[in-house]
């Protein structure tokens, strides 16, 4: 074996980042574990799970939870206008004045609304135009403190509580889907020259769930007219059996509201009034 020549200098090891032939070596900035296919698969799986979870959450929240939490919402629009046409009656010199009414109910909520039988009434209003009302203070107290049958007191135009001139139902067990509306036109008549104004009142009970047999104990909601009641309270709710041979049970509006709320806490009784000068 030949001995190394002591006169030949030893070759130094190549420094890091350089090759023995003088070419530079570039250090890889990405660790080898980051190039693993397993890591990429995990990242893709996590992304798919997150996207699916967010999509499911958004769908459940918007399409199920939000509509379920929303209360009943019904937009009512009533247009009342005298037709200015006088219709003759059997009594000479006492024609009837016609009123044209257009009632529109729109479902502005995100859920179906189930309408129970509604009721309306038309009342005539007489204005006593004989100067200043000496009983204005008592009338104002009755309106503001005692919550009497009238909702206002006027010093120079006191109004007598009107009696019901016409009444009827508007919608019967109808269903209004979100964005839909129901409309109805009425042509009503009242004695010409006897009243100075007219008031149209409407009441619509609405549920957010379909009525079932246990609502009202299997009975149906109907309305009746009590001529002996005070002005503004002539319309009485009744719970009637399906068997017409049995009698209906009259109840108060407060009791009816409690029963409806017990069945559907999100239900609403929509009331509106429209007045028109004659």
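Odds and ends about this structure:
- Here, region 122-278 yields an orientationally averaged convex hull projection of 12.1 nm² when only Cα atoms define the hull.
- Across q = 0.13, 0.14, 0.28 Å⁻¹, region 199-252 modelled as identical point scatterers on its alpha-carbon atoms has Debye log10 I(q)/I(0) values of -0.41, -0.47, -1.18, in the order of the q list.
- In plain terms, the chain from residue 136 to residue 52 could stretch by 23.4 nm, reckoned as 0.36 nm per residue minus the Cα-Cα distance.
- The listed peptides 258-268, 98-108, ordered by packing as a protection proxy, come out as 98-108, 258-268 (highest mean of other Cβ atoms within 10 Å first).
- Using R0 = 25 Å, the C-beta based FRET efficiency linking residue 194 and residue 224 works out to 0.45.
- Extension gain for the segment residue 262 to residue 156, taken as residue separation times 0.36 nm less the Cα-Cα distance, is 33.6 nm to one decimal.
Read-outs throughout are calculated quantities, based only on the coordinates presented, and are distinct from any laboratory measurement. All of these numbers come straight from a predicted model, not from anything done at the bench. Backbone-built Cβ (ideal geometry, glycine too); neighbour counts: all protein chains shown.
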